[in-house]
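Following: one structure in structure tokens, then a few remarks.
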Amino acid sequence: QVQLVESGGGLVQPGGSLRLSCAASGSIFDINAMGWYRQAPGKQRELVATITTGGTTNYADSVKGRFTISTDNAKNTAYLQMNNLKPEDTAVYCCNGFIRTLLPSLRLGEYWGQGTQVTVSS
């Protein structure tokens with residue numbers, strides 16, 4: 001079993017910045033890919049950004065040039081740097097990962113965190 005825990009959310013004014021973290025723990029063998037998603041009340045969950053083991057990144061058009069996804073493989077942690085935040089960015093942000101676990105056997109699975117609230121308002 002793998003647990004993903006997000007942190008770093010909060011209230012910020014338009015134009016401000018936040019840095020979200022997603023720490024993975026458990027019987028991790030390695031991480032193949034990680035991503036960030038967000039969901040606003042009454043709306044579908046949408047992809048924000050993804051990153052592969054090779055470092056290839058992909059971003060939603062709405063956040064290109066403003067958000068940056070990165071990982072610290074030694075710490076099994078993913079980050080989302082969010083700059084020039086807009087009210088439209090308000091949502092619960094969740095991280096996910098395609099992770100291979102070692103125990104009880106070597107398996108690949110997809111895991112989700114419970115989310116952290118980001119509110120952009122003034």
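The values are calculated or read from the model by the stated rules, or taken from the named source; none is laboratory data. Here the structure is a predicted model, which means the values were calculated and not measured. Here Cβ is always computed from backbone atoms with ideal geometry, including for glycine, and neighbour counts include all displayed protein chains. These area figures cover heavy atoms from the full protein model, side chains too; ligands, DNA and RNA do not enter into them. Shrake-Rupley method; radii C 1.70, N 1.55, O 1.52, S 1.80 Å.
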(request) Stick to the Cα atoms of the chain, pair each with every other, and give me the Kirkwood hydrodynamic radius in Å at one decimal. (result) 14.6
(request) With the convex hull built on the Cα atoms of segment 1-47, state its orientation-averaged projected area in nm². (result) 4.8
(request) List, in order, the whole-Hz ³J(HN,Hα) value for each residue of segment 43-56 obtained from phi through the Karplus relation with A = 6.51, B = -1.76, C = 1.60 and θ = phi - 60°; use x for Gly and Pro. (result) 10, 6, 5, 10, 6, 9, 7, 9, 9, 9, 4, x, x, 6
(request) Might you tell me the accessible area per residue for the chain, computed with a 1.4 Å probe and given in Å²? (result) 55
(message) Quick check: net charge around Ala23, other residues with Cβ under 15 Å of its Cβ, Lys/Arg +1 and Asp/Glu -1?
(response) 0
(message) Taking amide H atoms as placed 1.01 Å from N in the peptide plane, list the residues 5 or more away in sequence, or in a different chain, whose amide H sits under 5 Å from that of Gly115.
(response) Glu6, Cys95
(message) At 20 °C and a viscosity of 1.002 mPa s, what translational diffusion coefficient does Stokes-Einstein give for segment 32-97, taking Rh as the Kirkwood radius over Cα pairs? Give it in µm²/s as a whole number.
(response) 175
(request) Give the ranking of Ile69, Ile31 by solvent-accessible surface, highest area first, calculated with a 1.4 Å probe. (result) Ile31, Ile69
